[in-house]
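The values are calculated or read from the model by the stated rules, or taken from the named source; none is laboratory data. Note that the coordinates shown come from a computational prediction; the quantities given were computed from them, not determined experimentally. All Cβ positions, glycine included, derive from the backbone under ideal geometry; neighbour counts span all protein chains shown. Heads up: the accessible areas ignore ligands, DNA and RNA and are worked out on the full protein's heavy atoms, side chains in. Shrake-Rupley method; radii C 1.70, N 1.55, O 1.52, S 1.80 Å.
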Amino acid sequence: MPALISLREVKKIYQVGAEAVYALNGIDVEIRAGEYISVMGPSGSGKSTLMNIIGCLDTPTEGTYEFGGEAVHEMDDNQLASIRNRKIGFVFQTFNLLPKLTALRNVELPLIYANVPRSERLERARTALEQVGLGDRISHKPNELSGGQRQRVAIARALVTHPSIILADEPTGNLDSKSGVEIMRILDDLHRQGNTIILVSHEADIAAHAQRTIHLLDGKIEREVVHPVRA
Amino acid sequence: MLSLLWETVRIAFQGILDNKSRAFLTMLGIVIGVLAVTLMGTLISGLDRSFERSMAFLGKDVLFISKYEWFSDRDWWEMANRPEMRAEYAEQLKAYSDVVVAATPIMSRGVDVKRNDNSVLGVRLRGTTPEYLQTSFMNVGHGRFFTEGENHSGSRVAVIGHDIAEGLFPNENPLGKKFRIEGIPFRVIGTIDKQGKFLGLFSMDNQIIIPFGSFTRLFARRGFMEIDVKVAGNVAEARDEVRGVMRRIRGLRPLEEDNFAINQQEAFESQYRSIKLAIGGTGVFITVLSLVVGGIGIMNIMFVSVKERTREIGVRKAIGATQPLILGQFLLEAVFICLLAGLIGLGLAYGGSRLIDKFVFPSTMPLWLGALSVFLSVGVGILSGIAPSFTAARQNPIEALRYE
């Protein structure tokens, strides 16, 4: 099966004064549809940069990035926005919900940008919220929800477009351990249902939920660990 | 695409609702601007209307000859030292010129009038001839004007204005009744229909007209006199001819200056045009000023709003909002604020114009001006929103998401 995501010789170079800083220094990664991958590494290892590039929020300075056959490294801002909308569901550490909107409206948001008709939007947003167990909280605003519930709304928002991958950046970082467990269980369920999940974490036991863990150090892949139980 | 536009509208509107008081304060400049331009327009429309009505008292084809020019740079004392008009000029003007259709001398003074217990003070008493009917635009509604015979014999008959009739003869028909002008008894032979005020200043209903002969005999042999001349044909040419005749009557040599003035309605019109220009100019100045200040205020607020919502912009971009959509969202928000402000201004102006209509003078708010002001508001919204909106649209999503 061809890889869904394919990064070759990806470098991200930042110019700091006269010095070139290699945030990523030649990364080769292939991810197939349906995989459950985690990315680990200490801060400064290039984790976030890799995450941003995979999430099409940023483009590599050098190298190629193909997503489902599309050359992401050649895209402009608006094309990136479009591929993010169609193919990627983000789950952030800080939830990043819009505080003034209800859970339903938050989840509906990506579908607005996907130009989905209103009635279908609301239907799909409701379904997504039910999927994460928040069917009874759809008209609550984020500040009326607990941290775990907020993150579930965020997951619903990521799911609602039926994306090719779900990109979770430290999804349990701001949660107590009980909520964290709950969120990981949802992500594991989503994987079982066939979703491709990429998880970024610095906690080994969170990263261990994945089938395969990529360890980054100084902008390079240090090693890859396959978790036999899950694979 | 339409649904996306509608959603953008909703998002923008939500943005305003979330910051009601701030949006309101921001709107003030625009509100004032719209208010200024529309009220100014209403005022001018009202002035136009009352001016036109006042001008109807004068008549385009009537020349008013006297010592004084109505609007002039000449010193007042210079004109005051000119020789007085004489009643015989009227006959002479008619005799010497074909274009003069009617000519009548008019003398006037302020008097008090009385009947039994009723009195009216500060009445304008005019002494003139029956030809006054042709040079003026009043209508003797009841009774009649005096005749040539009554004029010659100096009869004590009077045609009275509407206010006098009401003041001296409440609840009765004044025709044939006697009253006293400065103690001298006169008989009412006609009443003039209500005319209103001239330029909103002098009441035309507060006058009494008596025969010229009676006026000179009873009140003043000499004094300020005006000669009203109705002319035929082209008014400008007729005016030149009348001027020539007047110079001949006065025996002026070719190089001597005129020692009389020929006034006409036109003088009021040019004077009025400059007043109108001043009012309009002031209105436009206030409008432009407040729109500029309002626009800068809105730009400022929009920059603050973009800064505050950096994170929101990041989230929206991450989940797929393109640059044009973010641009549209903030631009529409600015336009909405301005549009709302424009409509509020328009509403207030409409109320204001109704008040002016009711209490100051009849006027209406010109519709095109209302439309223009709303249009202007939208323009200000776009102009002041464009820079902040571009800032928002160009945000880097990674940095925006990281923004605290």
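Some values worked out for this structure:
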read-out: Of all accessible heavy-atom area on chain A, the percent that carbon and sulfur account for (1.4 Å); value: 48 percent
read-out: Furthest towards positive pole of dipole, A:S164, A:I198, A:P142, structure part chain A, Cβ charges; value: A:P142
read-out: Accessible-area order (highest first, 1.4 angstrom probe) of the listed residues B:D228, B:D117, B:D193; value: B:D117, B:D193, B:D228
read-out: Long-range amide H partners of B:E131 with built H, under 5 Å; value: none
read-out: Solvent-accessible area of A:S179 with every protein chain in place, 1.4 Å probe, in Å² to the nearest 10; value: 20 Å²
read-out: Chain B - accessible surface per residue (Å², probe 1.4 Å); value: 49 Å²
read-out: Neighbour-limited loop hits for GluC sites (Glu not before Pro), the range B:235-309 (at most 16 other Cβ within 10 Å; DSSP other than H, G, I, E, B); value: B:E256, B:E257
read-out: Share antiparallel - DSSP beta bridges, the protein assembly as shown, percent rounded to 5; value: 70 percent
read-out: Straight-distance crosslink candidates among lysines, where the alpha carbon sits under 24 Å from B:K60 and sequence neighbours closer than 8 are dropped; value: B:K94, B:K194, B:K197, B:K230, B:K276
read-out: Loss of accessible area when B meets A, both sides summed, Å² nearest 100, probe 1.4 Å; value: 2300 Å²
read-out: A:T49 - accessible surface, heavy atoms, 1.4 Å probe, Å² rounded to 10; value: 20 Å²
read-out: Loop-located GluC sites (Glu not before Pro) in the range B:50-117 whose Cβ has at most 12 other Cβ within 10 Å (DSSP); value: B:E84
read-out: Apportionment of accessible area to carbon and sulfur, the range B:1-75, percent (1.4 Å); value: 66 percent
read-out: Size of charge dipole - the protein assembly as shown - debye, nearest 20, with Cβ of Lys, Arg +1 and Asp, Glu -1, no other charges; value: 1820 debye
read-out: Sites matching trypsin sites (Lys or Arg not before Pro) across the range B:311-386 that sit in DSSP coil, with at most 12 neighbouring C-beta atoms within 10 Å; value: none
read-out: Sulfur and carbon atoms: percent of accessible area, the range B:83-259 [1.4 Å]; value: 47 percent
